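*Asks:* The structure's right below; bear with me while I get my questions together.
The values are calculated or read from the model by the stated rules, or taken from the named source; none is laboratory data. Remember, it's a predicted structure, so these values are computed and weren't measured experimentally. Virtual Cβ from ideal backbone geometry, glycine too; neighbours counted across all protein chains shown. Just so you know, the surface numbers come from the protein's heavy atoms only, side chains and all, with ligands and any DNA or RNA stripped out. Shrake-Rupley method; radii C 1.70, N 1.55, O 1.52, S 1.80 Å.
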Amino acid sequence: MPSTVEIVEVGPRDGLQARPDFVATRDKIALIDRLAAAGLRHFEASSFVSPRAVPQLADAAEVLAGVTRHDGMTLSVLVPNLRGAEAAIAARADALVMFASASETHNIKNVNRSRADSLAGFRDIAEVARTRGVPLHGAIATAFGCPFEGEVPVSEVVRIACYYADLGVRRITLGDTTGMATPRLVRERVRALRTQLLDLPVALHFHNTRGMALVNVAAGLEAGAAHFESAIGGLGGCPFAPGATGNLCTEDLVHFLHEEGIETGLDLDALIETARWFEGVLGAPLPGQVVRAGPRLARRGTDEVATATG
Ligand code: ZN
């Protein structure tokens, strides 16, 4: 088990992208600033995809321009193609994230091109990232199962990961896009990548769609993963799409890791405060649980509840 874990906050991108009501740019900036004040340093801040495809993230450049930069802070963004990569670099993104799906059908549904075409296009992104000195990351969606194809072979995940490694990525993320990961699959896939890619960090990106996110984190830790992607409050999914649910919740993850004696460098109380504040911004509750119950040793006043016998 690692003694410290690095958390990448994906709430501003994955957590918001499917929300139908536009979240004001100033609120997106304030969200990142507040999370930075709670100690977070790694953010997936937005996405340089077509504003027509994802109108919620049309303000990516303004968000990057507005966030207060701290030492050691990384604001990464998703880039689908060379044009997106150039726009992201012009907007001072600290890292570019390429993304492809491990399953062919999901890749076509997601970006309207085959995996082969996606991977071929990444060569241009890698070239511009290398010449401009911007770190590159690679994300693999549907890495634990595909909603259209079912089981995804580990060999497909390894194949894409090796391709990313050849392009010079500094980290590979396994995305559990629709919450199909199980502890067995997590152990298998993390071990397979660690065997193939040696020291290249593997980040795990879970959704709590089937209530498995934290148990999958435990399996990932056991297999040697030390990077996890999560969203404040468990943001994510679309409130109008039945079955689509949120990312692994950042403050629930931090609560769990601290109870396991694993350092994150994060202030749990400040994260809980931020989740509460953002529920107010959205005008809707979020699915995180520690924000409701408090940390396990938070003392409650004895006058908060009446005793059963009165
Ligand atoms: Zn996701």
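*Asks:* Which ones in the stretch 256-295 are in contact (Cβ under 8 Å) with a residue 12 or more places away in the chain and in contact with an Asp or Glu (Cβ under 7 Å, 6 or more places away or on another chain)?
*Replies:* Leu268, Leu271, Ile272, Ala275, Val281, Leu286, Gly288, Gln289, Val290, Val291
*Asks:* Hey, does the stretch 219-227 have a residue that's within 16 Å of the ligand (Cβ to nearest atom) and part of a helix (DSSP H, G or I)?
*Replies:* Scanning the stretch 219-227, I find at least one residue that is within 16 Å of the ligand (Cβ to nearest atom) and part of a helix (DSSP H, G or I), so the answer is yes.
*Asks:* Would it be correct to say that Thr245 is within 16 Å of the ligand (Cβ to nearest atom) and either at pLDDT below 95 or more than 19 Å from the chain's Cα centre (by Cα) (or both)?
*Replies:* It is true that Thr245 is within 16 Å of the ligand (Cβ to nearest atom) and either at pLDDT below 95 or more than 19 Å from the chain's Cα centre (by Cα) (or both).
*Asks:* Which ones in the stretch 5-20 are more than 18 Å from Thr245 (Cβ to Cβ) and either open to solvent by 40 Å² or more (accessible area, probe 1.4 Å) or within 12 Å of the ligand (Cβ to nearest atom) (or both)?
*Replies:* Residues satisfying the conditions are Glu6, Val8.
*Asks:* Right, something else. Considering each of Thr142, Thr131, Thr105, Thr68 in turn, give the residue that is surrounded by fewer than 16 Cβ atoms within 10 Å (Cβ to Cβ), of a type outside the set (Gly, Ala, Ser) and in contact with a helix residue (DSSP H, G or I) (Cβ under 6 Å, 6 or more places away or on another chain).
*Replies:* Going through Thr142, Thr131, Thr105, Thr68 in turn, the sole match is Thr68.
*Asks:* Can we say Val186 is surrounded by 21 or more Cβ atoms within 10 Å (Cβ to Cβ), part of a helix (DSSP H, G or I) and in contact with a Leu (Cβ under 9 Å, 6 or more places away or on another chain)?
*Replies:* So Val186 fits the description; yes.
*Asks:* Still on this structure: Across the stretch 125-169, what is the number of residues that are among the small types (Gly, Ala, Ser) and outside any loop (DSSP other than H, G, I, E, B)?
*Replies:* Total meeting the criteria: 9.
*Asks:* Another question, then. May I ask you to verify whether Phe122 is among the aromatic types (Phe, Trp, Tyr) and either at pLDDT below 95 or in a loop (DSSP other than H, G, I, E, B) (or both)?
*Replies:* So Phe122 does not fit the description; no.
*Asks:* While we're looking at this one, here's another question. Scan the stretch 147-157 and tell me whether some residue there is crowded, with 23+ Cβ neighbours inside 10 Å, on the phi > 0 side of the Ramachandran plot and small (Gly, Ala, Ser).
*Replies:* Checked the stretch 147-157: no residue is crowded, with 23+ Cβ neighbours inside 10 Å, on the phi > 0 side of the Ramachandran plot and small (Gly, Ala, Ser).
*Asks:* If you don't mind, another one. Any residue that is assigned to a loop (DSSP other than H, G, I, E, B), open to solvent by 10 Å² or more (accessible area, probe 1.4 Å) and away from the ligand (no atom under 16 Å from the Cβ) - is there at least one of those in the stretch 252-260?
*Replies:* Scanning the stretch 252-260, I find at least one residue that is assigned to a loop (DSSP other than H, G, I, E, B), open to solvent by 10 Å² or more (accessible area, probe 1.4 Å) and away from the ligand (no atom under 16 Å from the Cβ), so the answer is yes.
*Asks:* Separate question: Among the numbered conditions (1) open to solvent by 10 Å² or more (accessible area, probe 1.4 Å); (2) under 17 Å from the mean Cα position of the chain (by Cα), tell me where Arg123 comes up short.
*Replies:* (2)
*Asks:* OK, next. Can we say Arg83 is of a type in the set (D, E, K, R), under 22 Å from Val128 (Cβ atoms) and in contact with a Phe, Trp or Tyr (Cβ under 9 Å, 6 or more places away or on another chain)?
*Replies:* yes
*Asks:* Still on this structure, please answer the following. Starting from the stretch 201-216, keep only residues that are away from the ligand (no atom under 16 Å from the Cβ), then list their pairs with residues that are of a type in the set (A, V, I, L, M) and open to solvent by 40 Å² or more (accessible area, probe 1.4 Å) whose Cβ atoms are within a distance under 6 Å, requiring at least 6 positions of separation or different chains.
*Replies:* Going by the 6 Å Cβ cut-off, there are no qualifying pairs.
*Asks:* Going by the structure shown, is Thr264 out of contact with any Ser or Thr (no Cβ under 8 Å at 6 or more places or on another chain) and either open to solvent by 20 Å² or more (accessible area, probe 1.4 Å) or within 16 Å of the ligand (Cβ to nearest atom) (or both)?
*Replies:* So Thr264 fails the test.
*Asks:* Working only within the stretch 71-91, note down all residues that are within 20 Å of the chain's Cα centre (by Cα) and over 15 Å from Ala53 (Cα atoms).
*Replies:* Gly72, Met73, Thr74, Leu75, Ser76, Val77, Ala85, Ala88
*Asks:* Restricting attention to the stretch 49-65, report how many residues are under 11 Å from Thr25 (Cβ atoms) and open to solvent by 50 Å² or more (accessible area, probe 1.4 Å).
*Replies:* Of the residues in the stretch 49-65, 3 are under 11 Å from Thr25 (Cβ atoms) and open to solvent by 50 Å² or more (accessible area, probe 1.4 Å).
*Asks:* In addition: So which residues in the stretch 261-282 are among the β-branched types (Val, Ile, Thr) and outside any loop (DSSP other than H, G, I, E, B), if there are any at all?
*Replies:* Ile272, Thr274, Val281
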